[in-house]
Structure formats: structure tokens, C-alpha cells
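Written below as C-alpha cells is the structure these notes are about.
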Amino acid sequence: MKRTQFDQLVIHDFEEKVFHLPAHSHTYYELVYIRKGSGIHLLNNNKIPYTTGDLFILSPEDHHHFEIRKSTHFTFIKFTDSYFAGHKMNRPDALILSTPEAIMSHKLLKEVKLKMDEPCVSILRKIVENIVAYNCRKDVASSPLIYYQILSIFGLIREAAAKLSIRIDDGQPDKEELISYIHQHIYDPYLIRIKQIAPHFNIAVTYFSDYFRNKFGISYRAYINEYRIKLIEKRLKDPSLSMKHIADEFGFTDESHLSHFFKSMRELSPMSFRQKG
């Protein structure tokens, strides 16, 4: 049974001895925080024991129900796709890599209980209390204050996932990993070809260029060329290094290929650049 929510953000805070809904799914996302109580959370095909302080994440494809053993105080934070879309101007750059919606849909995070240690346990409790306290306001869905409180919960989820060795970016590299690989292999043109680097990071070859541009705001080719030319410029400033040495170091077939690349990037020959320096 699917349940539909039309408001961008809805917060329900209640306590009960028998869960009021049968097993169900819905068309929105939910963060479910256990303020107190215990029981079993039936999530998809998993039976996950819950107790005070636990947090569960649910997305539209999930099917769930709670079997309450000890009277349970729940806080449900429910939001639609449009909630985060409506706050894009407030979204930190870190969330470009793994959006809240992507985190909520991560299947491995539904197979285990998210474990948090102090001070994260206390921080999560206080965040939820702040959100519930603010819920009396009519502008809760548009409030940047509540938006950042909810983002803080996702920060805690990221930490909990890291402790479980679960990557929440679907195995795709973060910026530091990708740049580190490029800088390490910049001297070997073969290893930085898209056909080589994309499989190395488990990214489809056909998607890699778009992936890189989305992360860095520049094309992959432009980034590689600019980084190579800056390194070559540094070498040219050292008069003890021959053109042949520099060409060999950066994997050019010969000096003429190096010269052609340099001219295409800087509109002057390597020798002219060296003489000007």
C-alpha cells in the first residue's frame, strides 16, 4: 500500500504501544528516529531490532512496518523530492557528490543498523528535539534553519556509514581520490586515458566525461591539458633539462610533439617560453 505526501516537509512526533499502520510503502522519503522504546523494524526483507536513539532511513522503494515491544516514541521527518530541490541555493558543495536522496536510497544502509557513538548520539538527539520544537511554525518547510538541521543528520549518517565501511557515493571516487590518481599518473598518457581511468574507478566510460564535468566544472581534457602544461612550464624554467628529457618525461613521442602541444596551449614554442623566462 503506497501512501502519498503532498507537502514538501512533514514532521510527526508521537508515542504508541501498537504501530498504527500495516506494512506499507510510500511516495516520499522518511527519517525515523526512536526517541524511546524498543521493538523490531521490518524493513524490506530484514528484521532489525530497534531501541532508544536508533535512526532509520526510508525511500519510496522501501516497504516497512514496526512491531512495538515497548511503548515507542517516534519522530518521523518526511520529505518529498522537491524539498531539497527547493533549497539548492543553500546546499553545501559536499552534497554534490552524494545527495540526501541518494543516501536515502542506498540499499546497504537498509541492511544494517546505523551505529553511532558519543558525542554523535547526543548530537542526533538534540537535532531531532530542535526540529520537533520548531515544528509549531508554519514556515517549517521553507526554513533554512530546519534545512541545515536536517543536513546535519545526513552528516551523522555519513559518519556512521564510514564506520561500517559503507561507501555512500555508490563506489564513485571523491574529488581527492580522482585528482590524486591524475597527478600520480600525469606522466603516463596511457594511464590517464578515459578508457583506463574510468574502469579504475568503476565509472562507465561513456559517463566519465559528464561525471568529471559535474564534479569539477571543467572538462576532463581541459583539466589534464592545463595541469600538464603547468608542469612542463616548471621544467622549462630549469635550463639543465633538455627538451628531449621533458618530452620523454611526459610521454611525448618526440620533441616536435611536445612543441606542438605547448604551442596549442600557450601560443608560443617551448623554446620561446624558456627564453622569456
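Every number in this text was worked out from the coordinates using simple rules, so none of it is lab data. Note that the structure is a prediction, hence the values are computed from the model and not measured. Heads up, the Cβs are rebuilt from the backbone with ideal geometry, glycines too, and the neighbour counts pull from every protein chain shown.
Between the alpha-carbon centers of the range 108-145 and the range 1-71, tell me the distance in whole angstrom.
15 Å
Which one of 178, 219, 198 is farthest out on the positive end of the charge dipole of the range 173-253, using unit charges on Cβ (Lys, Arg +1; Asp, Glu -1) and the Cα centre as origin?
It is 219, whose Cα lies furthest towards the positive end.
Can you run phi through the Karplus equation (6.51, -1.76, 1.60; θ = phi - 60°) for the range 99-112 and list ³J(HN,Hα) in whole Hz, with x for Gly and Pro?
Coupling constants for the range 99-112: 6, x, 5, 5, 4, 5, 8, 5, 5, 5, 6, 9, 8, 10 Hz.
Out of the range 1-89, which trypsin sites (Lys or Arg not before Pro) are coil in DSSP terms and have no more than 13 other C-beta atoms within 10 Å?
17
At 222 nm, what helix-only mean residue ellipticity would the chain give, in deg cm²/dmol to the nearest 500, using -39500 (n - 2.57) for each DSSP H run of four or more?
Mean residue ellipticity at 222 nm (helix-derived): -13000 deg cm²/dmol.
Which label belongs to the value computed from this structure, given these candidates for volume of the Cα convex hull per residue in Å³: [x] 142; [y] 169; [z] 134?
Calculated volume of the Cα convex hull per residue in Å³: the matching label is [y].
Between residue 130 and residue 226, with labels modelled 7 Å along Cα→Cβ, what's the label distance in nm to one decimal, could you check?
Inter-label distance under the simple model: 3.6 nm.
Which part of the range 247-271 falls in the paramagnetic zone of residue 190, meaning amide N under 17 Å from the point 7 Å along Cα-to-beta-carbon?
Once the point is set 7 Å along Cα→Cβ of residue 190, 248-254 turn out to lie under 17 Å by backbone N, inside the range 247-271.
Would you kindly state how much longer the chain becomes between residue 163 and residue 27 on full extension, computed as 0.36 nm times their sequence separation minus their alpha carbon distance, in nm to one decimal?
That works out to 46.0 nm of additional length.
Just grab the label-to-label distance for residue 138 and residue 216, each label 7 Å out from Cα along the Cβ direction, in nm (one decimal).
4.9 nm
Using a simple charge model, +1 on the beta-carbon of Lys and Arg, -1 on the beta-carbon of Asp and Glu, nothing else, what dipole does the range 197-266 show about its Cα centre, in debye to the nearest 20?
Result for the range 197-266 is approximately 260 debye, rounded to the nearest 20.
Say R0 is 30 Å: what FRET efficiency, to the nearest 0.05, do residue 122 and residue 81 get from their beta-carbon distance?
Result of the calculation: an efficiency of 0.45.
Could you point to the residue in 41, 132, 229 farthest towards the positive end of the chain's charge dipole, with +1 and -1 charges on the Cβ of Lys/Arg and Asp/Glu respectively?
Looking along the dipole axis, the top candidate is 229.
Spin-label point model (7 Å from Cα, Cβ direction): what's the residue 115 to residue 244 distance in nm?
Here the modelled spin labels are 6.2 nm apart.
What is the magnitude of the charge dipole of the chain about its Cα centre, with +1 placed on the Cβ of each Lys and Arg, -1 on the Cβ of each Asp and Glu, and no other charges, expressed in debye to the nearest 20?
200 debye
Output the relative contact order of the chain, whole-number percent, from Cα pairs under 8 angstrom with separation of 6+ residues.
14 percent
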